[in-house]
Amino acid sequence: MNTPTLMLKMNRVMVATKNYRDYQQRKDEKTFDLGEREAAILEFIGGWKEDDGIPYVSKIVDKFRERGGKGNSQSSISQIVMLLWKKEFLCKDVDQSNSRVNTLRLTEKGLAFYNRRKAQNKQRAELLLGEIINQKDQEVIEAYMDRVSLKFEDLLAKSPS
């Protein structure tokens, strides 16, 4: 198999995996009566790490943008947070040091959504890596991906800024 054919097949796998993930997510969004951006913000808050600091709306905006959630102003995320609060997916707690600031956390309903989504992601990974691709194939693919990544990193390092 030549390289372009392999790349096309790898792209096809990525697209099929994404389409399956999107299908599951749309199903969840209907079940929980959520829009795509609402679901993304719930997942984001659910995955919040203590190292990220306290989850204020402004920090969520910054972290969301860092991780690829572009095009979301503080105002639009604040509106989504308010909607999630009204739908009882989030709790807003007044910060003791600054009463104008609310910290955010998932309610039981929000946690149920987050845990379901997390379980689906794990199931998808197990399906792909456990049932479809055996251990030997995984090692071959991993070695190939490492070589490809290193090659592109090398090309970037050598290119003029």
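Descriptive notes on the structure:
- Qualifying residue in region 121-130 (condition: farther than 30 Å from Val61 by Cβ and charged (D, E, K, R)): yes
- Residue list for region 40-58, restricted to those being modelled with pLDDT of 75 or more and not acidic (Asp, Glu): Ala40, Ile41, Leu42, Phe44, Ile45, Gly46, Gly47, Trp48
- Screening Glu126, Glu88 for residues that are under 29 Å from Lys30 (Cα atoms), free of Cβ contacts under 8 Å to residues at least 40 places away in the same chain, of a type outside the set (Gly, Ala, Ser) and not in a helix (DSSP H, G or I) leaves exactly one candidate, Glu88.
- The listed residue being under 21 Å from Gln74 (Cα atoms), surrounded by 13 or more Cβ atoms within 10 Å (Cβ to Cβ) and at pLDDT 80 or above, out of Lys92, Lys109: Lys92
The values are calculated or read from the model by the stated rules, or taken from the named source; none is laboratory data. Quantities reported herein were computed from a predicted structural model and do not represent experimental measurements. Cβ: placed from backbone, ideal geometry, glycine included. Neighbour counts: every protein chain shown.
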